[in-house]
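First the structure, in the form of structure tokens, and then the observations on it.
The values are calculated or read from the model by the stated rules, or taken from the named source; none is laboratory data. Quick caveat, the model's predicted, so the values are computed rather than measured. Glycine also receives a Cβ, built like all others from the backbone with ideal geometry; neighbour counts cover every protein chain displayed. To get the accessible areas, we keep the full protein, side chains included, count just its heavy atoms, and leave off ligands, DNA and RNA. Shrake-Rupley method; radii C 1.70, N 1.55, O 1.52, S 1.80 Å.
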Amino acid sequence: MVEAIRKSTREERERWIKEAKYNLFNLKSDHVFIDLLTDSGTGAMSDRQWASLVLGDESYAGARSYHALREAIREILGFEHFLPAHQGRAAENVLYSAIVRAGDVLPGNSHFDTTKGHIEFRGATALDCTIDEAADTRLEIPFKGNIDLDKLEAALERYPREKIPAVVLTVTNNTAGGQPVSMENIRQVSALCRRHGIPLQVDGARFAENAYFIKTREKGHENKTIKEIVKEMFSLVDIMTMSAKKDAIVNMGGFVAFKSEELWKKCQMYCIMNEGFITYGGMSGRDMNALATGLDEGTELDYLESRVRQVARLGARLDEFGVPYQRPAGGHAIFVDAARVLEHVPREEFIAQTLAIELYLEAGVRGVEIGAILADRDPVTRDNRYPALELLRLAIPRRVYTDNHLDVVAVALKNVFDRRESITRGYTITREAPIMRHFTVELDVAAR
Ligand SMILES: *Cc1c(COP(=O)(O)O)cnc(C)c1O
């Protein structure tokens, strides 16, 4: 589907962003020229996916569409059991309702914001064991999303087994910059989990991009197909939560998949209570069809190559202009190192958010803050948490924009970069929610 996009003037954007309380989530999409807020549900479906919609079976129970999805999940991912859910966080809700209790600890690489939200909301702790190298944006290493095995082992030894319901491995590691996790790391994490009798959960929103990086960067995998690599990855895993809005290229959908029949049964009640009966769980039949097709298309090499290379190309354009970003370029997005661009904005005034607003004012390009606003407050002390990195994420929707659009983005960012010395004032929060505040936060220009 082709959609029109609208240009605007700087004066208009100044008014709109002020009316939006300087929160880019509050903007109307018509007030955005190029929308890189997220790659979630913003992809363009294929002819095959649109065709499969028409064949959707909307039976309440046992629909053909459910069985088509079941087949795809079994064939492509290797899980025998699954529960559909309307999106990734709903899958997390179903799973964590069954396994997470107050006082529990879930170690992992960087937990996604909704994952962390669901964990902390239940009074449990999301323990980040990502390798330290991930915090150095200039360092060019192939698998910057990996878990640090020493940190993980220390955590598994420190807390009693019954307090650790799962280890959560997010592939690719979005929070660290869309950085992949190596097959070797998955294998070692899996072995460690087995040794301690703890299930390994993969948050697989971007599992296919991760497989592409394994194929192109990890020795011994270069001659395997993406589907072979995906199968191998999930052979090491007990549970998978999936936001299908990412690598399954649908606008809405998700699921939680299990190796254990017992856990699947334990979770069914929470699916029925929160999502719907276990053969549709918050999805219509047509959407399950499109998702089944998307799992197949999303794990094809040609598609992944064009996608990941488009992201890398945007990175290469930024290199020409000297704009610093998390290196190497990630799978779905470029993460601009905002702290190295806006050196005069104090972190208390939200550096990455300030850069996001400047880029919007410059050219109507919408990115998203991955910094202190997203990091939220400490659940106990209620102090602001300041993460190691202040990043502006430019997420590329799948099969939507051309390289020309991304050239506009690169040049707009260059313009902001060139006048960075003059940007010294950030923003302060005037209103925020107690958890996952970034979605609805209200800000004003910092008074100084
Ligand atoms: C998007 C995402 C989620 C949550 O999924 P939704 O579909 O947005 O609810 C969880 N984990 C990761 C890694 C994600 O990218």
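General remarks:
- Residue in region 198-214 that is among the polar types (S, T, N, Q), free of Cβ contacts under 8 Å to residues at least 60 places away in the same chain and within 20 Å of S260 (Cα to Cα) present: no
- Residue satisfying condition, being touching an Asp or Glu at 6+ places or on another chain (Cβ under 9 Å), part of a loop (DSSP other than H, G, I, E, B) and surrounded by fewer than 20 Cβ atoms within 10 Å (Cβ to Cβ), within set G123, G62, G41: G123
- R89 vs. criteria in a helix (DSSP H, G or I) and either open to solvent by less than 20 Å² (accessible area, probe 1.4 Å) or farther than 22 Å from L394 by Cβ (or both): yes
- Flag for L406 being open to solvent by less than 40 Å² (accessible area, probe 1.4 Å) and at pLDDT below 95: no
- Among (1) within 21 Å of the chain's Cα centre (by Cα); (2) within 28 Å of L53 (Cα to Cα); (3) buried (at least 20 other Cβ atoms within 10 Å of the Cβ); (4) within 16 Å of the ligand (Cβ to nearest atom), the one test that M252 misses: (3)
- Residue within region 66-78 that is touching a residue at least 24 places away in the same chain (Cβ under 8 Å), under 21 Å from the mean Cα position of the chain (by Cα) and under 28 Å from A155 (Cβ atoms) present: yes
- Scanning region 348-373 for residues that are open to solvent by less than 10 Å² (accessible area, probe 1.4 Å), assigned to a helix (DSSP H, G or I) and among the aliphatic types (A, V, I, L, M) yields A352, L355, A356, I357, L359, A372, I373.
- Subset of region 226-249 [in contact with a Pro (Cβ under 8 Å, 6 or more places away or on another chain), open to solvent by 10 Å² or more (accessible area, probe 1.4 Å) and within 16 Å of the ligand (Cβ to nearest atom)]: none
- Some residue of region 99-110 being outside the structural domain of E228 (by TED's automatic domain parsing) and within 16 Å of the ligand (Cβ to nearest atom): no
- If you go through region 264-275 and keep only what is surrounded by 18 or more Cβ atoms within 10 Å (Cβ to Cβ) and of a type outside the set (D, E), you end up with W264, C267, Y270, C271.
Yes/no per residue for (1) more than 13 Å from the ligand (Cβ to nearest atom); (2) touching a Phe, Trp or Tyr at 6+ places or on another chain (Cβ under 9 Å):
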site: A63; (1), (2): yes, yes
site: N93; (1), (2): no, yes
site: T114; (1), (2): no, no
site: A155; (1), (2): yes, no
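- Residue match in region 46-58 (condition: within 28 Å of E369 (Cα to Cα), at pLDDT 95 or above and either more than 16 Å from the ligand (Cβ to nearest atom) or buried (at least 22 other Cβ atoms within 10 Å of the Cβ) (or both)): no
- Scan of region 424-448 for residues that are in a loop (DSSP other than H, G, I, E, B) and among the basic types (K, R), ordered by number: R425, R448
- Of the set (1) under 28 Å from G41 (Cβ atoms); (2) open to solvent by 10 Å² or more (accessible area, probe 1.4 Å); (3) away from the ligand (no atom under 15 Å from the Cβ), all apply to N223 but (1).
- Region 96-120, residues that are in a loop (DSSP other than H, G, I, E, B) and without any contact (Cβ under 8 Å) to a residue 40 or more places away in the chain: A102
- Candidates I198, I229 - the one that is out of contact with any Phe, Trp or Tyr (no Cβ under 9 Å at 6 or more places or on another chain) and not acidic (D, E): I198
- Looking only at region 153-168, and only at residues there that are in contact with a helix residue (DSSP H, G or I) (Cβ under 6 Å, 6 or more places away or on another chain) and of a type in the set (A, V, I, L, M), the one that is surrounded by the most Cβ atoms within 10 Å (Cβ to Cβ): V167
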